[in-house]
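Notes for the one structure printed next.
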Amino acid sequence: MNQSVTIAPISESLPEFLSATNYSKVVVIADSNTRKYCYPTLKDILPKHTVVTVPSGEANKTLSTCEKIWQAMTKEELDRHALVINIGGGVIGDMGGFCAAVYKRGIDFIQVPTTLLSQVDASVGGKLGIDFQGFKNHLGVFNIPKSVLIDPAFLGSLPEREIRSGFAEIIKHCLIADAAKWEEIRQRDFEAQKWPDLIAHSVQIKQRVVDEDPTEKGLRKILNFGHTLGHAVETCFLNKPANKRLYHGEAIAIGMIMESYLSFERKMITQDLLTEIEEFIFATYGKVKISAEDVEEIITLTKQDKKNRGKEVRFSLLKGAGQCAYDIVVTAPEMRKSIAYYLG
Ligand code: NAD
């Protein structure tokens, strides 16, 4: 796959990228927040360009927003030698990339991720797409951007809760692939973490995994640790009042405790490692209340997981710190037990 990722001030990486190719036109796709907080940094570096601004948030990662983006591209008479620059979090990266990958059978695009989550996870690996009829990332393609330009300085305007959410994917990368880094991060409080170093570390791990298995036939599934129950919890909480909703990483943190417990029950990790993981995650994210009704909904929702085959629900589980196994079938009673364990 060999995706090009640069971690540097955008004032250096973007001119360098642009100097290599003569694009016919440049279109920037932003959401209402990144237009305000991040686009001003690019504005004067870019040649003549158009900005398409869409409303922010997962609720807008839809076909109707894509239609507006495609309409703007068509109105600008973009040809196949044009460039799309997606500046934003995972929503803009996934959706803007999808729009570019489909427009006239595909034009060049680059990702400029501006949330911690998108810098350490969503911008790398070529998964693009949108939600459809309530199903997350239901329509999409694999297509790698021409480049990913990561500038940790964009995190300066990001609310703390968003940073904490993105941190969950960093924790996951350490747990599945680097025991020494797990030791390092768990010794520090959230406030004392060193983001530029952790971003580079996560990107390296994700790149290594997706290079080996770009289309998720095998190894790439390890990136789903914490995500089977985590996604189900996230979806279950989508229907709750706004003040009860969970950010993606907050739900994945819950999923990582539950799935670490499943790993322990299968004798794949020690009691000590399970205790380390839950202590660190509870200290960073606190505990979320899950009602008995929610428990059954969560278990039902795991049936929608993209890793499943037939009726079996398949998990990626830890087999020690820094190692992960995949395609492990877990039953509903086992899941129920792991949720009960989380709730204590
Ligand atoms: P997001 O894109 O919605 O961004 C979160 C919020 O932060 C938004 O309100 C956004 O406007 C705002 N924002 C972004 N950058 C900012 C900045 N620098 N300053 C101030 N505000 C800023 O959400 P996200 O957490 O970045 O990404 C979640 C999405 O990523 C989901 O749709 C998920 O499916 C997707 N995702 C994709 C992959 C993949 O491999 N493609 C992996 C993980 C997640």
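Of everything listed in (1) in contact (Cβ under 8 Å) with a residue 40 or more places away in the chain; (2) under 17 Å from the mean Cα position of the chain (by Cα); (3) within 15 Å of the ligand (Cβ to nearest atom), the single unmet condition for residue 174 is (3). Residue 223 falls short on exactly one of the conditions (1) in a helix (DSSP H, G or I); (2) open to solvent by 10 Å² or more (accessible area, probe 1.4 Å); (3) farther than 30 Å from residue 6 by Cα, and that condition is (3). A single member of 289, 307, 337, 311 is among the basic types (Lys, Arg) and open to solvent by less than 80 Å² (accessible area, probe 1.4 Å), and it is 307.
Is it true that some residue in region 76-87 is open to solvent by less than 30 Å² (accessible area, probe 1.4 Å), out of contact with any Asp or Glu (no Cβ under 9 Å at 6 or more places or on another chain) and assigned to a helix (DSSP H, G or I)? No.
Would a scan of region 35-44 turn up a residue that is farther than 19 Å from residue 145 by Cβ and more than 16 Å from the ligand (Cβ to nearest atom)? Scanning region 35-44 turns up at least one residue that is farther than 19 Å from residue 145 by Cβ and more than 16 Å from the ligand (Cβ to nearest atom).
In a residue-by-residue description of region 52-59, the property of being closer than 14 Å to residue 142 by Cα and either open to solvent by 60 Å² or more (accessible area, probe 1.4 Å) or within 12 Å of the ligand (Cβ to nearest atom) (or both) applies to no position. State all residues of region 18-38 that are within 24 Å of the chain's Cα centre (by Cα) and either modelled with pLDDT under 95 or of a type in the set (A, V, I, L, M, F, W, C) (or both); if no residue qualifies, say none. Answer for region 18-38, where residues must be within 24 Å of the chain's Cα centre (by Cα) and either modelled with pLDDT under 95 or of a type in the set (A, V, I, L, M, F, W, C) (or both): 27, 28, 29, 30, 38.
Of a type in the set (Val, Ile, Thr), open to solvent by 50 Å² or more (accessible area, probe 1.4 Å) and either under 25 Å from the mean Cα position of the chain (by Cα) or over 30 Å from residue 197 (Cα atoms) (or both): is that true of residue 41 in this structure?
Values: of a type in the set (Val, Ile, Thr): yes; open to solvent by 50 Å² or more (accessible area, probe 1.4 Å): yes; either under 25 Å from the mean Cα position of the chain (by Cα) or over 30 Å from residue 197 (Cα atoms) (or both): yes.
When the stated conditions are applied, residue 41 passes them.
From the list 167, 142, which residue is assigned by TED's automatic domain parsing to the domain that holds residue 105 and either at pLDDT below 95 or under 15 Å from the mean Cα position of the chain (by Cα) (or both)? None of the other options fit; the residue is 142. Close contacts from region 315-328, counting a first residue that is in the same structural domain as residue 170 (by TED's automatic domain parsing) and under 16 Å from residue 228 (Cβ atoms) and a second that is basic (Lys, Arg) and open to solvent by 40 Å² or more (accessible area, probe 1.4 Å), with Cβ to Cβ under 7 Å and a gap of 6+ residues or different chains, come to 317/266; 325/319; 327/314; 328/314. For region 60-81, the tally of residues that are within 16 Å of the ligand (Cβ to nearest atom) and either basic (Lys, Arg) or modelled with pLDDT under 95 (or both) stands at 1. The set of residues from region 127-137 being crowded, with 19+ Cβ neighbours inside 10 Å and more than 8 Å from the ligand (Cβ to nearest atom) comprises just one member, 130.
Pairs are defined by a Cβ separation below 8 Å, a sequence spacing of at least 6 or placement on different chains, a first member in region 251-267 that is farther than 18 Å from residue 287 by Cα and aromatic (Phe, Trp, Tyr), and a second member that is open to solvent by 10 Å² or more (accessible area, probe 1.4 Å) and in a helix (DSSP H, G or I); the pairs so defined are 264/271; 264/273.
Just to be sure I understand, how many residues within region 139-167 are hydroxyl-bearing (Ser, Thr, Tyr) and within 11 Å of the ligand (Cβ to nearest atom)? Give the steps one after another, and end with the answer.
Residues of region 139-167 that are hydroxyl-bearing (Ser, Thr, Tyr), as a first pass: 147, 157, 165.
Checking which are within 11 Å of the ligand (Cβ to nearest atom) leaves us with 157, 165.
Residues in region 139-167 being hydroxyl-bearing (Ser, Thr, Tyr) and within 11 Å of the ligand (Cβ to nearest atom): 2 in total.
Only a single criterion out of (1) surrounded by 23 or more Cβ atoms within 10 Å (Cβ to Cβ); (2) assigned to a loop (DSSP other than H, G, I, E, B) is not satisfied by residue 268, namely (1).
Within region 108-122, the residues that satisfy the criterion of being open to solvent by less than 10 Å² (accessible area, probe 1.4 Å) and either within 8 Å of the ligand (Cβ to nearest atom) or out of contact with any strand residue (DSSP E or B) (no Cβ under 6 Å at 6 or more places or on another chain) (or both) are 113, 114, 116, 118, 120.
The values are calculated or read from the model by the stated rules, or taken from the named source; none is laboratory data. This one's a predicted model, so the numbers in the text were calculated from it and none came from an experiment. Cβ atoms come from the backbone with ideal geometry, glycine included; neighbour counts cover every protein chain shown. Keep in mind that these areas ignore ligands, DNA and RNA; they rest on the heavy atoms of the full protein, side chains included. Shrake-Rupley method; radii C 1.70, N 1.55, O 1.52, S 1.80 Å.
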